[in-house]
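Everything on this sheet refers to the single structure shown next.
The values are calculated or read from the model by the stated rules, or taken from the named source; none is laboratory data. All values reported here derive from a predicted model rather than from experimental measurement. Ideal geometry is used to build each Cβ from the backbone, glycine not excepted, and the neighbour counts take in all protein chains shown.
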């Protein structure tokens, strides 16, 4: 995976964000860090290895979005976290009950084209206004997005890791990518889950990372 160090000033705290599939780190760049906090955004999961050691930080807060929830659980296992917030995702992301139904996931995988990505982004944003804003972020090459989703699908279907301890989940009630009821079913009994009136990409709602982590 790639890591964009948006703030990297050797602060004592780290906000570690795992983006969703196909997302660019610029989709999170508007979110302000605390004065004593660095911000790293992980993305591009064609290679699922996490090649950094954040052990020097006194406090690490994790925010993971969509398929990044599953990636984070693989990547940061064993790293002490102050908080871990899952946004519109679960640790069973290809699952008819607790994730994206397998036929829908495979349909997306078979249609990673320019037209397919346009349809995906429309569903993800939910409105013309948000879609126009999202389109301002750099678009990654379609062939790389296909490789990324193939890598994710292989990892998800071939391995099952121990569940991570999440402190909070956020569910968007207008999510058209990751079924809302499946998210509710997964998080019930695992951690507190709050709901917000937003589509799959909800980060436009917030100005600071602290609003998400609590």
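Just for helices (runs of 4 or more DSSP H) wholly inside the range 138-214: which have at least 1 residues that are more than 29 Å from residue 14 (Cβ to Cβ)?
Where helices (runs of 4 or more DSSP H) fall fully within the range 138-214 and carry at least 1 residues being more than 29 Å from residue 14 (Cβ to Cβ), they are 142-158, 180-187.
Return the pair list, or none, for Cβ contacts closer than 8 Å from residues in the range 6-34 that are under 21 Å from residue 91 (Cβ atoms) to residues that are buried (at least 17 other Cβ atoms within 10 Å of the Cβ) and at pLDDT below 95, at least 6 apart or on different chains.
Listed by first residue and then by second, the contacts come to 16/76; 18/75.
Could you list, in sequence order, all residues of the range 172-197 that are within 15 Å of the chain's Cα centre (by Cα) and within 19 Å of residue 28 (Cβ to Cβ)?
Selection gives 172, 175, 177, 178.
Which ones in the range 161-185 are within 18 Å of residue 104 (Cα to Cα) and either touching a helix residue (DSSP H, G or I) at 6+ places or on another chain (Cβ under 7 Å) or surrounded by 13 or more Cβ atoms within 10 Å (Cβ to Cβ) (or both)?
Across the range 161-185, the qualifying residues are 174, 175, 176, 177, 178, 179, 180, 182, 183.
Being closer than 21 Å to residue 181 by Cα and out of contact with any helix residue (DSSP H, G or I) (no Cβ under 8 Å at 6 or more places or on another chain) is the filter here, so list the residues in the range 60-100 that pass it.
66, 68, 69
Are there strands (runs of 3 or more DSSP E) fully within the range 1-70 with at least 3 residues that are buried (at least 21 other Cβ atoms within 10 Å of the Cβ)? List them.
Working: elements: 2-7, 13-18, 37-43, 59-65.
In the range 1-70, 13-18, 37-43, 59-65 are the strands (runs of 3 or more DSSP E) which contain 3 or more residues that are buried (at least 21 other Cβ atoms within 10 Å of the Cβ).
Considering 140, 110, 122, which residue is out of contact with any helix residue (DSSP H, G or I) (no Cβ under 7 Å at 6 or more places or on another chain), at pLDDT 95 or above and surrounded by fewer than 21 Cβ atoms within 10 Å (Cβ to Cβ)? Before you say what the answer is, go through the steps one by one.
On the way: 140 fails: at pLDDT 95 or above; 122 fails: out of contact with any helix residue (DSSP H, G or I) (no Cβ under 7 Å at 6 or more places or on another chain).
Among 140, 110, 122, only 110 is out of contact with any helix residue (DSSP H, G or I) (no Cβ under 7 Å at 6 or more places or on another chain), at pLDDT 95 or above and surrounded by fewer than 21 Cβ atoms within 10 Å (Cβ to Cβ).
Any residue in the range 193-214 that is within 20 Å of residue 81 (Cβ to Cβ) sitting within a Cβ distance under 9 Å of a residue that is surrounded by 14 or more Cβ atoms within 10 Å (Cβ to Cβ) and modelled with pLDDT under 95? List the pairs, counting only those 6 or more apart or interchain.
The qualifying pairs do not exist here.
Within the range 71-93, which residues are surrounded by fewer than 23 Cβ atoms within 10 Å (Cβ to Cβ) and part of a loop (DSSP other than H, G, I, E, B)?
76, 77, 78, 79, 80, 81, 82, 92
Given the residues 158, 188, which is the only one that is out of contact with any helix residue (DSSP H, G or I) (no Cβ under 9 Å at 6 or more places or on another chain), at negative phi and at pLDDT below 95?
Values: 188 fails: at pLDDT below 95.
That would be 158, the only listed residue that is out of contact with any helix residue (DSSP H, G or I) (no Cβ under 9 Å at 6 or more places or on another chain), at negative phi and at pLDDT below 95.
In the range 94-113, what residues are in a loop (DSSP other than H, G, I, E, B) and within 19 Å of residue 145 (Cβ to Cβ)?
111, 112, 113
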